[in-house]
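First up is the structure itself, then whatever we jot down about it.
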Amino acid sequence: MMSTTSLFNRELLTQILRSNGWIAALYLLGLFFALPLSMIMIFTSDQQNAIPARLDNLFSLLIEVQIMLLIAVPVLLGVFLFRYFMVKQSADLIHSLPVKREKVFHHYVVMGIAFLVIPVLLIALFMLGLHLLFHLDMYYSLGDIFYWTGVSILFNLLFFFATVFIGVLTGISAVQGVLTYIFLLFPAGIMYLLFYQVNFFLYGFSRDYSLKLSIEKASPITFLININHEVLSIVQVLIYIAAIILFYVLSIYLYKNRKLERVSEAFVFSGVIPVFKYGTAFCFMLLGGTYFGETQGHWIWRIFGYAAGSLFGYFIAEMVLQKSWRVFKSIKGYFLFSAVMIGIFGVFQLDVTGFEKRLPQTSEIKKVYFGDSPYSYMDDPNVRFFEEEENIETVQNLHKEILENDERNQSASRFSRSAFFIYELHSGKQIVREYLISNIDDYASLYKPIVESEEYKEMHNEIVTIDPDDVDKISIYSHRDSLQDGASITDEKDIQEAIKLIKDDIYSETYEETETSSALESSIEVLLANNKSIHLTLKNSYETVNQWLKDKKLFDLATINADDVSHVWVMKNDRHNQEDLLNMDVETIISTMESNGIKLENKSEIQESLDAFQWDSDGLYMIAVIYKGNDFHDIGSFSGDAAPDFIRTKLD
């Protein structure tokens with residue numbers, strides 16, 4: 001039987017423990033503070049208040065501290081442990097021992113694993129003891145302990161072996177630490193930057209849909225941000241385990257072939273140098289293009305961002321590699337890089353794949369989703385689709401018109417709106433497109449049959465799909481809680497009537513009415529029996545609901561109307577006034593309107609002004625609503641088209 005002496009060198013293990021054991025001790029202390037101590041504090045507090053609060057999982061306990069420990073400790077440990085082959089004196093000393101090189105490496109790896117795993121296991125035992133001693137089932141279960149233990153060990157080992165892998169590539173500890181985080185964040189970061197560029201070059205590409213669908217799980221660090229709510233899937237676990245094994249195999253292979261004399265160099269393998277140099281230039285190029293393109297909104301600035309970012313990134317990489325700022329003679333490689341990038345961007349611009357013009361035939365389509373945001377689709381667990389052939393064709397007609405007018409939709413404005421399409425094909429494939437429509441009025445005739453269809457109303461108004469018997473309470477309130485407490489409907493019969501009338505008004509609402517609204521319209525909250533809430537707006541166009549509320553003497557409680565207003569100031573909002581008003585406080589704005597505007601005190605005129613009110617400040621007319629017996633004011637504007645006739649008559 002092989003003796004333990006032949007497997008491990010006691011002196012070497014002791015040396016590693018003395019040099020780096022403090023990291024494990026600090027990790028144990030941090031975990032104790034985040035979990036057992038935090039749990040004891042919550043338990044003793046709830047004992048006094050008798051209000052136990054169930055935890056989503058054990059990561060909910062001081063989640064910020066736990067994330068910081070998971071991200072920082074294994075990387076810090078990897079940097080300190082493997083510093084021995086990055087300093088010439090220690091590298092010569094360690095490798096002069098009568099121990100094989102790979103055996104030395106395994107000693108450090110085993111101790112690193114122990115430093116990370118033992119504190120986690122000790123805290124898990126502590127949490128188990130608390131659970132059994134104080135019967136903490138109302139806070140967390142035994143399954144929560146096992147899940148926390150497994151996930152913590154998995155992420156610790158993943159980050160640790162990633163640090164080890166980067167460490168064998170470089171000869172500088174600082175570079176090792178920085179590159180490890182870049183390496184771990186790279187999948188999410190490069191995906192984010194690439195999607196921004198593709199969104200610019202491919203008309204119809206949905207950046208937000210693609211990002212939300214994949215970026216949170218693209219990097220283990222981005223996944224950790226929501227670890228107290230997200231559950232690690234089996235697929236993710238297998239991927240992370242495979243990555244750990246791959247990092248270990250590559251690390252030991254590279255370590256055995258590493259030239260020991262190449263310490264204090266940024267990279268000890270020549271093959272990594274061009275990858276780092278051109279990779280850095282590429283990432284900075286995307287970053288520069290994204291920044292200048294999104295902030296300035298013009299393609300010339302985007303091109304400037306590409307050029308400036310790539311040039312900056314290229315020379316930064318050269319400075320790191322040469323450890324000098326005198327690197328500007330190495331410009332030849334940059335010209336080669338630029339030529340390749342221009343070729344790649346040219347391919348995207350030409351749309352050789354036909355992405356932009358690809359539109360499925362009606363016979364291929366099983367169902368279609370249409371809305372003004374990808375988030376409304378992804379955040380709705382009960383999302384609905386167009387399935388009637390007539391509605392599918394009307395959606396396609398709108399899509400075709402958008403494609404034919406792509407140049408008109410390139411520039412954003414205050415009237416811009418997103419048009420989001422998802423085609424579910426009979427083949428099982430999906431076609432996803434999103435477009436920015438510069439002026440929705442240009443497509444009003446195509447929007448009208450879509451928005452007025454029953455399927456669209458059921459797709460975007462959850463209230464029409466619920467059973468009135470599932471409703472516990474209806475609350476209607478304005479944005480001014482200080483003016484009134486709002487109206488509550490709790491009687492079962494009244495709830496049945498109100499829900500029916502709301503549904504009737506939604507089904508009968510025209511496209512023109514959906515496009516006409518006031519920012520001062522009240523909100524409706526429908527509380528369901530399962531404690532879920534549905535929120536919608538009490539629109540002025542909901543005539544039957546509003547009349548029912550008036551009959552029930554609830555309308556005045558639920559809304560802001562002319563009776564709540566002392567008077568209104570209205571002023572022409574030319575460009576000069578608009579720029580000045582942006583820098584004024586509320587009192588100064590009202591004083592300016594008193595000097596340059598008109599005062600409305602007639603109730604019918606006040607009500608018309610309230611119905612046209614919008615929160616933005618760039619409409620043709622500025623409006624200030626002064627409420628009775630209240631220090632609060634509402635300041636907004638309305639466009640020339642939405643302004644009441646008497647306003648235009650008095651001010652134009």
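What follows draws every value from the coordinates through simple rules; no lab data is involved. Owing to the predicted nature of the structure, the values given are computational and were not obtained by experimental measurement. Cβ: placed from backbone, ideal geometry, glycine included. Neighbour counts: every protein chain shown.
Give the peptides 66-74, 99-107, 322-330 in descending order of average Cβ contacts within 10 Å, highest first. Display every interim value, and only then the final one.
Working: 66-74: 20.0, 99-107: 15.4, 322-330: 10.9.
Result, highest mean first: 66-74, 99-107, 322-330.
Quickly rank 363-373, 156-166 as a protection proxy: mean count of other C-beta atoms within 10 Å, highest first. Can you show the working numbers first?
On the way: 363-373: 17.4, 156-166: 24.5.
Averaged packing, sorted descending, gives the order 156-166, 363-373.
Within a Cβ distance under 11 Å of F59, other residues only, what is the Lys/Arg minus Asp/Glu net charge? Could you put the intermediate results ahead of the total?
On the way: positive: none; negative: D56, E64, D144, E230.
Overall, the nearby charge balance is -4.
Between 0 and 90 degrees, rounded to the nearest ten: what's the tilt of helix 603-612 against the longest Cα principal axis of the chain?
So the inclination is approximately 30 degrees.
Please sort 280-291, 467-478, 299-310 by packing, taking for each peptide the average over its residues of neighbouring beta carbons within 10 angstrom, highest first. Could you put the intermediate results ahead of the total?
Values: 280-291: 21.8, 467-478: 16.4, 299-310: 18.1.
Ranked from most to least packed, the peptides come out as 280-291, 299-310, 467-478.
Please compute the contact order of segment 562-651 in relative form: average sequence separation of alpha-carbon pairs under 8 Å and at least six residues apart, divided by the residue count, as a percent. Before the final figure, lay out each step's value.
Numbers: 133 pairs, mean separation 33.1, N = 90.
Taking the mean separation of contacting Cα pairs over the length of segment 562-651, I get 37 percent.
With charges only on Cβ, +1 for K and R and -1 for D and E, what is the dipole size of the chain about its Cα centre, in debye, rounded to 20? Mind dumping the intermediate values first?
On the way: 51 positive and 79 negative charges, 1203 e Å.
With only Lys, Arg, Asp and Glu charged at Cβ, the dipole is about 5780 debye.
Along Cα→Cβ, 7 Å out, is where each label goes; now give me the distance between the ones at M319 and Y507 in nm to one decimal.
About 6.8 nm, to one decimal.
For the chain, what is the relative contact order in percent, using Cα pairs closer than 8 Å and at least 6 residues apart in sequence?
Numbers: 839 pairs, mean separation 52.1, N = 652.
Reported as a whole number, the value is 8 percent.
Report, to the nearest 10°, how far helix 389-404 tilts away from the longest principal axis of the Cα atoms in the chain, using its own Cα long axis and a range of 0 to 90°.
Roughly 70 degrees between the two axes.
Only counting other Cβ atoms within 10 Å, I'd like E216, E265 sorted with the fewest neighbours first.
Working: E216 14, E265 17.
Neighbour counts put them in this order, fewest first: E216, E265.
Mind jotting down the distance between the C-alpha centroids of segment 275-333 and segment 145-203, whole Å?
Between the Cα centres of segment 145-203 and segment 275-333 lies a distance of 21 Å.
Round to the nearest 10 and give me the degree value, 0 to 90, for the angle of helix 492-508's Cα axis relative to the longest principal axis of the chain.
The two axes meet at around 90 degrees.
May I ask you to derive the relative contact order of segment 164-294, considering only C-alpha pairs under 8 Å and at least 6 residues apart, and to give it as an integer percent? Could you put the intermediate results ahead of the total?
Numbers: 87 pairs, mean separation 55.1, N = 131.
So the answer I get is 42 percent.
Could you work out the percent of alpha carbon pairs in segment 288-360 separated by over 17 Å, rounded to a whole number?
Details: 1534 of 2628 pairs.
Considering segment 288-360, 58 percent of its Cα-Cα pairs are separated by more than 17 Å.
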